[in-house]
Amino acid sequence: MFSNLGLIAEDYFKKGYNCAEALSKAVAEKCQIGCESIPNIATPFGAGIGGKGSLCACLSGGVVAIGLLYGRSDAKDMDRKLQAYEKAKLFYDRFVERLGTTNCLDICDVDLSTEEGLKRFHDEKIRDKCGKYVRETGDILSEIL
């Protein structure tokens, strides 16, 4: 069911969506989840939460996607909560195993909160590198969903 998830996410990223938006849209598409809040809910996670270079938006978007599939709508539904937590923990661990960190600044090696960093991001085509991370994160998700 989740074959090509990484490629679909990378394609959304290439169309201009940020990492979190691309991953959440790809999962919603693959699962035929019609949700008007996707990608909106994932937008502020971009560039390490609002451009701060903090938590990687690939990781954030993946967690949003896990919530789409395994999240609960009833506060008393402990089974769904625990299932979502287990998927999120597994995803987090595999993400760190493959990328070495959860920090956008470390992964991209550019400070997106500065004018210099943004210029470098565009001039050196670092966004292309990020597209590969989006694809790899989609592949990680496809293994655990």
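We did not get these values from a lab; they are worked out from the coordinates using the rules stated. In this text, all values refer to a predicted model and were calculated from it rather than measured experimentally. We place every Cβ from the backbone using ideal geometry, glycine too, and count neighbours over all the protein chains shown.
Things worth noting here:
- Fewest neighbouring Cβ atoms within 10 Å first, the residues 27, 96, 63, 134 line up as 96, 63, 27, 134.
- A helix-only calculation puts the chain at -20000 deg cm²/dmol for mean residue ellipticity at 222 nm, using -39500 (n - 2.57) for each DSSP H run of at least four residues, averaged over all residues.
- Over region 83-145, the fraction of Cα-Cα pairs per 5 Å bin, rounded to whole percents and listed from the shortest bin up, is 4, 17, 23, 20, 14, 11, 7, 3, 0.
- At full extension, residue 144 and residue 52 could sit 30.3 nm farther apart than now, given 0.36 nm per residue minus the alpha carbon distance.
- Approximate spin-label separation residue 3-residue 73, in nm, with each point projected 7 Å along Cα-to-Cβ: 3.1 nm
- For region 5-144, the normalised intensity computed at q = 0.11, 0.12, 0.16, 0.18 Å⁻¹ comes to -0.37, -0.44, -0.77, -0.95 (log10 of I(q)/I(0), Debye sum over alpha carbons, equal scatterers, no solvent).
- Listed from fewest to most Cβ neighbours within 10 Å, the set 13, 121 follows the order 121, 13.
- Fewest neighbouring Cβ atoms within 10 Å first, the residues 102, 114 line up as 114, 102.
- Helix 78-99 vs. the chain, principal-axis angle (Cα, 0 to 90°, nearest 10): 30 degrees
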